[in-house]
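Just so it is clear, none of the values below were taken in a lab; they were calculated from the coordinates. Here the structure is a predicted model, which means the values were calculated and not measured. Counting neighbours? That spans all protein chains shown, and the Cβs are built from the backbone with ideal geometry, glycine included.
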Amino acid sequence: MATCKGLEQPLRLHGRALHSYSSSPQLAHKLSSRTPGLVPDFRSQKNLVSAASSSGQAEEQTLNQSEPEAGPEDEPSVSGQEAEIPLYSLEDTRRLVETAMMAAVGGLAYVLATTLKLEGYMGYFLPLPVVLSGMRAGPTGARKTFTATIFLLLVLLGPLQAASYIFQHGILAVVLGALWAWRAAWAVSIPLAALAKVGGTLGGIALACLTLHENLFAVLLNNVYSLVDQLAAFVGASGAPSPAVIVCVVGSMLVVNALIYAVLMHILYAILLSNLGHPIPVPSFVTNFLRKRQLGGNS
């Protein structure tokens, strides 16, 4: 017990020194001189801590100096990326949507016409989507609508029906859409439309020859030869018609048929497109005829 009481006083002094060192360094020096084994050298510990902190700051500065600063060239060029993204105007988007809609309408109309056997009645209206697209977006729009319609029919009906649409309606529709978009006169558009109709008719006959495995051109020439021979016998002419005459008669029949079809298409589409807000250039006599018709209807 006496020994414990003897150690109690130095321990109390040691605790007081630890508590009051921050406020009174002189007291800590006195205690360290009186009890050298119990009181640590707080000054040396403080010096070690300050040295360690200063060395850490020096290392951090060295690392900061060794790391290269990120320049403007290292940063991702957002403006360049945005410039690479293609931007479409509202007009281009509208034309794309109209092309898709017109192609869908034209393909659906042809599918219904061929399925329900109404192509003979709807033949004049089947080129309307392509022509209307050409009037709204120019010849490029007509060509795009025509191409999209072909691919749609290729998926729905197969290659034969798609080729049949090209020869019977597609070529004429593209030609009329381009000519009317260029505001061509009837004296130019009617012969070119008739030429396109003749080419489409010959292409349709060639496609039929390919699918039926029969020479329909020979059948056509034989029928025309019989017709011309009967006419010659009726008139009283002697001799048989030559092949050149037969070919000229066949070509004349195709051209006359195509011209009549082109004139009827011009008259019909002059009325339709004027009501749709896209009038085509018409001759003066057609304008007078339509005006008289409107006046007669109003009266």
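Sorting 254-261, 141-148 by their mean Cβ neighbour count within 10 Å, with the most densely packed peptide first, gives 141-148, 254-261.
Between I271 and N215, the modelled label-to-label distance comes to 4.5 nm, taking each label 7 Å out from Cα in the direction of the beta carbon.
In this simple spin-label model, placing a label point 7 Å from the Cα along the Cα-to-Cβ direction at both T93 and L192 gives a separation of 3.4 nm.
Which value, to two decimals, describes the C-alpha radius of gyration of the stretch 215-299 once divided by 2.2 N^0.38 Å? Walk me through the numbers before you get to the answer.
Details: Rg = 21.0 Å, N = 85, 2.2 N^0.38 = 11.9 Å.
Here the Cα radius of gyration is 1.77 times the empirical estimate.
Cβ under 15 Å from R94's Cβ, R94 left aside: what net charge do those residues give with Lys, Arg +1 and Asp, Glu -1? Please list the in-between numbers first.
Values: positive: R95, R136, K144; negative: E91, D92, E98.
Counting the neighbours of R94, the net charge comes to 0.
Taking the mean number of other Cβ atoms within 10 Å as a proxy for protection, how do you rank 161-170, 128-137 from highest to lowest? Write down the numbers at each step before the final one.
Numbers: 161-170: 21.9, 128-137: 26.0.
Ranked from most to least packed, the peptides come out as 128-137, 161-170.
Note on Q294/W182: beta-carbon distance plugged into 1/(1 + (r/R0)^6) with R0 of 25 Å gives a FRET efficiency of 0.35.
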